[in-house]
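Right, one structure below, let's go through it.
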Amino acid sequence: MSEFDNRSLSDAEMYFWLCQMARQLDVAAVIVNIKKGCTIDFVNHVFSQMTEYSEYDMNGATLAKLHGPSSDLLNEEAIQESIENGLTFKTSSLHYRKDGSIFWNEVNNLPMRNQLGELQYSLILMKDATEAMNVESLIELERDVFFSLENGTAVEQVLNNICSTVGATFGKKCVCSIALVDEHNRLKRVYGDLASERNTFPEEFFLIGLTYREQQLIKKPVILNNLHESDYQQIFAPLLEKYPFFSMWSQPILNTEGTVIGLFTIYFEQAIEPKAADFKFLNRIAPIITLAVKYFDQKNAIHQLAYQDVATGLKNFEHFKSSMMALIAHGCEGYLYIIEPGEYQNIVDLHGRQGGDEILRQLACRLQNLSTYDDSVIARYTNSSIIVASRQSFKEINIPQQEKDELLFEPYYIHEKETYVTLKVGKSAFNKYEPFMEAIRQADTALSNALKATGTVVKKFEQSHLESVEEEMNILVHIAKGLKNDEFFPMLQPKVNIATGEIESFEALARWISAEIGFVSPALFIPIAENTGNIYKIDREILRKVLQWQQNRMELGRKLYQVSVNISPTHFYHPGFVESAVALIESYQVNPKYIKFEITESVELDNVKRAKKIINELKTYGIDTSIDDFGVGYSSLSYLQELPFEEIKIDKSFVDYLADSRMNAVVKTIIQLSKNLNMVSVAEGIETEEQHEELKRLGCQTGQGYYYYRPMPLDDIDKLLEDTVHVMGEC
Ligand code: C2E
Ligand code: MG
Ligand code: MG
């Protein structure tokens with residue numbers, strides 16, 4: 001605080017004394033005459049150097065001469081008031097030099113009173129504080145950026161903050177923008193005050209500072225003093241039409257390797273030439289932006305790793321979940337699809353895990369390439385499936401037929417080998433009212449159902465599925481207990497010679513009377529055991545008990561009959577199947593010719609090569625095979641000739657419709673074909689005399705059904721066989 005009002009100097013003496021002092025100062029000094037409307041009487045040479053205004057320019061003027069469009073007028077008014085009222089103060093103000101350039105002026109007011117104690121002069125000391133201010137705001141900015149990064153602030157916000165802080169440093173009448181480019185120097189994103197113009201202004205506009213007057217990228221600042229007269233008027237036209245800008249400074253942003261990653265640009269409303277301090281400032285801004293961008297790139301890379309399925313390059317389920325949560329929070333609703341290639345396991349068996357990954361990748365690619373593909377979210381769900389969320393159901397989307405055909409029927413290529421797949425699809429609906437994970441669980445349940453069907457199928461979730469799953473889980477627990485407690489046993493159903501009515505052999509059918517839940521139909525527990533990988537235990541248990549029975553009969557010297565044991569396809573294809581079945585048969589010392597394996601015809605038999613190998617292997621041990629439920633699946637006749645089964649069992653559904661002429665013709669063909677292939681034809685589920693007669697007429701050799709015998713317990717079979725022998729003996 002300096003006050004000179006206790007000295008007894010005349011006005012003239014005081015003025016003289018002040019001028020003398022001001023001339024000797026190495027800071028800018030201005031003498032303002034308060035009594036003359038606060039006009040300037042004197043400026044020293046340091047002031048003239050700093051502002052480029054001479055004493056002549058300033059004489060009679062007020063401090064307002066230093067004001068410009070970006071000056072803070074409230075602050076200027078406060079300065080003026082303090083001068084008028086003789087108050088000391090120190091403040092920083094954005095002022096303009098004579099050439100229009102701006103600088104931060106540190107203004108220090110020293111009021112001077114005459115001998116009467118009246119306020120006469122103000123000695124105003126000034127200092128160009130631009131550099132200090134810039135350093136201060138840079139430090140502040142750096143701190144802000146670090147803090148924001150640390151706190152997980154979004155990249156937009158951090159870069160927008162940089163723009164607004166820099167803007168404030170240069171006053172209000174300017175805007176800043178950060179344009180980031182990709183590795184091909186194409187505009188990637190725009191941040192800051194012009195971000196909203198990204199799609200309205202041409203791409204060249206945002207990058208003008210990188211290519212100005214050059215063919216290649218320039219790595220130095222570009223200053224354009226008058227945009228209206230630049231070489232690129234056309235590019236600037238949209239900006240100038242909308243905003244009152246006049247000049248532009250730009251500074252390239254380089255990464256640590258010196259590659260251009262973007263451009264920082266400031267547009268001013270008047271012609272402003274940067275001074276050394278401004279260049280320094282721009283130079284220091286760029287690395288802060290580089291740091292922020294690098295941080296976010298790294299964070300993105302980590303994010304990618306955390307949210308990407310590395311094997312397929314697809315997004316992973318974590319990503320799917322978080323994207324969906326965000327969409328649902330915004331009220332989005334639609335449908336979920338879990339899609340699994342029906343042949344996934346076969347593909348993995350043949351081509352390894354990578355084959356499985358590849359098929360999912362190609363499948364996702366096909367979905368994304370659909371012309372109707374919108375903002376669906378696709379991700380890998382499990383090893384064998386992908387998950388898709390779509391606002392509209394696939395049905396509503398109306399995929400063009402050709403694309404649908406390509407999606408479903410074009411071959412996939414794994415290691416350049418053509419592979420065909422069927423798609424099993426589980427569908428459910430999602431909305432904000434139900435937990436999202438519930439929708440996923442529902443699509444999962446629907447998928448389990450789809451997996452049980454043949455061909456490409458979409459199954460919708462229905463509550464009954466869930467009930468059946470619960471029931472399945474319940475039964476599954478009991479199956480495990482049942483196996484442990486020896487609750488499974490075979491019933492035998494005779495297979496008779498249709499022509500003579502003689503029992504030729506038997507089929508063993510699994511029965512289960514659970515101590516806890518009572519009788520359970522095989523139609524219920526067999527599919528559950530198949531789905532949960534327990535079926536081989538039941539198959540083996542039935543085989544074991546059949547062998548036991550045969551061994552007993554052998555020991556009692558009774559006649560042995562061939563018994564067919566049902567083997568599920570998954571069990572049949574299991575690598576150890578033949579070996580362990582043969583070992584079990586041998587352990588009971590039963591001749592393998594008394595055992596036949598019935599395998600249900602299914603899509604899996606498509607795998608003709610493998611099936612053929614297993615059938616032939618069984619044949620070398622003397623074990624016959626039979627194809628069960630023939631005609632229920634698809635394309636049966638075409639591969640039948642390649643598979644050396646001994647027997648073909650015509651499904652009950654054909655037998656039921658023998659009266660239908662078309663069906664009748666099909667059955668006739670099957671019987672004829674099996675004869676040609678040296679297979680025995682067996683008709684299943686014969687219930688009536690008419691069916692029996694018709695099959696006899698068609699030349700079917702063997703019949704099985706309630707018309708002849710129902711499945712019976714082993715003891716009853718023993719009795720039946722005794723009686724039969726007896727009856728036959730009597731004849
Ligand atoms: P499948 O092998 O085709 O067996 C024939 C089914 O038809 C049996 O049903 C049998 O009881 C029934 N059946 C026989 N004659 C008639 C008839 O005249 N009319 C009617 N309506 N039905 C008749 P079941 O015992 O309920 O077995 C159902 C299926 O479960 C079997 O069909 C077979 O695929 C499977 N299965 C049974 N036991 C086993 C087993 O030990 N292992 C495996 N993997 N599957 C088994
Ligand atoms: Mg069977
Ligand atoms: Mg059958």
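The values are calculated or read from the model by the stated rules, or taken from the named source; none is laboratory data. Note that this is a predicted model, so its numbers are computed, not measured. Backbone-built Cβ (ideal geometry, glycine too); neighbour counts: all protein chains shown. Side chains are part of the model used for accessible areas, which takes the heavy atoms of the whole protein and leaves out ligands, DNA and RNA. Shrake-Rupley method; radii C 1.70, N 1.55, O 1.52, S 1.80 Å.
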Inset, instruction - Output the qualifying pairs, or none if there are none: Cβ atoms under 8 angstrom, residues six or more apart or on different chains, first residue in segment 641-659 and over 25 Å from ILE615 (Cβ atoms) and more than 14 Å from ligand 3 (Cβ to nearest atom), second residue open to solvent by less than 10 Å² (accessible area, probe 1.4 Å) and not charged (D, E, K, R). - result: LEU658/VAL667; LEU658/LEU695
Legend entry - Filter result for ILE671 (modelled with pLDDT of 85 or more, in contact with a strand residue (DSSP E or B) (Cβ under 7 Å, 6 or more places away or on another chain) and either over 23 Å from LYS545 (Cα atoms) or open to solvent by 70 Å² or more (accessible area, probe 1.4 Å) (or both)): yes
Legend entry - Condition check for ILE542: of a type outside the set (Ser, Thr, Tyr), assigned by TED's automatic domain parsing to the domain that holds TYR706 and within 16 Å of ligand 3 (Cβ to nearest atom): yes
Inset, instruction - Output the residues belonging to segment 312-331 that are open to solvent by less than 60 Å² (accessible area, probe 1.4 Å) and over 23 Å from LEU447 (Cα atoms). - result: GLY313, ALA326, LEU327, GLY331
Legend entry - GLU642 vs. criteria in a helix (DSSP H, G or I) and open to solvent by 10 Å² or more (accessible area, probe 1.4 Å): no
Inset, instruction - Can you confirm whether segment 678-690 contains a residue that is within 16 Å of ligand 1 (Cβ to nearest atom), of a type in the set (Val, Ile, Thr) and in a helix (DSSP H, G or I)? - result: no
Inset, instruction - Identify the residue in segment 251-294 that is in a strand (DSSP E or B) and within 34 Å of the chain's Cα centre (by Cα) and, among all such residues, is nearest to PRO69 (Cα to Cα). - result: PHE264
Inset, instruction - Those residues that are open to solvent by 50 Å² or more (accessible area, probe 1.4 Å) and modelled with pLDDT of 90 or more, I need them from segment 91-105; list them, please. - result: LYS98
Inset, instruction - Collect the residues in segment 42-74 that are within 19 Å of LEU18 (Cα to Cα) and open to solvent by 60 Å² or more (accessible area, probe 1.4 Å), keeping them in residue-number order. - result: HIS45, GLU55, TYR56, ASN59
Inset, instruction - Please work out which residue is nearest to MET437 (Cα to Cα), limiting yourself to segment 326-375 and to residues that are of a type in the set (Gly, Ala, Ser) and part of a loop (DSSP other than H, G, I, E, B). - result: GLY331
Legend entry - Some residue of segment 624-637 being modelled with pLDDT under 95, over 30 Å from GLU555 (Cα atoms) and part of a helix (DSSP H, G or I): yes
Legend entry - Single condition ILE378 does not satisfy, out of (1) part of a strand (DSSP E or B); (2) over 29 Å from PRO575 (Cα atoms); (3) in contact with a Phe, Trp or Tyr (Cβ under 7 Å, 6 or more places away or on another chain): (3)
Inset, instruction - Filter segment 10-25 for residues that are modelled with pLDDT under 90 and in a loop (DSSP other than H, G, I, E, B) and give the result. - result: SER10
Inset, instruction - Test each condition in (1) at pLDDT below 85; (2) crowded, with 19+ Cβ neighbours inside 10 Å for PRO400 and report the one that comes out false. - result: (2)
Inset, instruction - Among what's in segment 556-570 and is hydroxyl-bearing (Ser, Thr, Tyr) and within 43 Å of the chain's Cα centre (by Cα), pick the residue that is farthest from ligand 1 (Cβ to nearest atom). - result: THR570
Legend entry - Whichever residue in segment 674-697 is under 12 Å from ALA659 (Cα atoms) and within 16 Å of ligand 3 (Cβ to nearest atom) and, among such residues, is most open to solvent (accessible area, probe 1.4 Å): GLN691
Inset, instruction - Could you tell me whether segment 518-530 includes any residue that is of a type in the set (Ser, Thr, Tyr), open to solvent by 40 Å² or more (accessible area, probe 1.4 Å) and within 16 Å of ligand 3 (Cβ to nearest atom)? - result: yes
Inset, instruction - Determine whether segment 510-517 contains at least one residue that is among the small types (Gly, Ala, Ser), touching a helix residue (DSSP H, G or I) at 6+ places or on another chain (Cβ under 9 Å) and assigned to a helix (DSSP H, G or I). - result: no
Legend entry - Residue count for segment 70-85, restricted to those that are within 18 Å of LYS36 (Cβ to Cβ) and of a type in the set (S, T, N, Q): 3
Inset, instruction - Among residues belonging to segment 649-664 that are open to solvent by less than 50 Å² (accessible area, probe 1.4 Å) and away from ligand 2 (no atom under 16 Å from the Cβ), point out the one that is nearest to ARG710 (Cα to Cα). - result: LEU658
Legend entry - ASN552 being in the same structural domain as PHE489 (by TED's automatic domain parsing) and open to solvent by 30 Å² or more (accessible area, probe 1.4 Å): yes
Inset, instruction - Have a look at PRO490, PRO494, PRO522 and point out the one that is within 13 Å of ligand 2 (Cβ to nearest atom) and either at pLDDT 95 or above or more than 46 Å from the chain's Cα centre (by Cα) (or both). - result: PRO490
Legend entry - Residue identified as modelled with pLDDT of 90 or more, more than 21 Å from VAL260 (Cβ to Cβ), surrounded by fewer than 20 Cβ atoms within 10 Å (Cβ to Cβ) and more than 35 Å from the chain's Cα centre (by Cα) among LYS172, LYS127: LYS127
Inset, instruction - Among the strands (runs of 3 or more DSSP E) lying completely within segment 173-233, list those that include at least 1 residues that are of a type in the set (S, T, N, Q). - result: 174-181
Inset, instruction - Only residues that are under 30 Å from CYS700 (Cα atoms) and either charged (D, E, K, R) or part of a loop (DSSP other than H, G, I, E, B) (or both): list them for segment 484-509, please. - result: LYS495, ILE498, ALA499, THR500, GLY501, GLU502, GLU504, GLU507
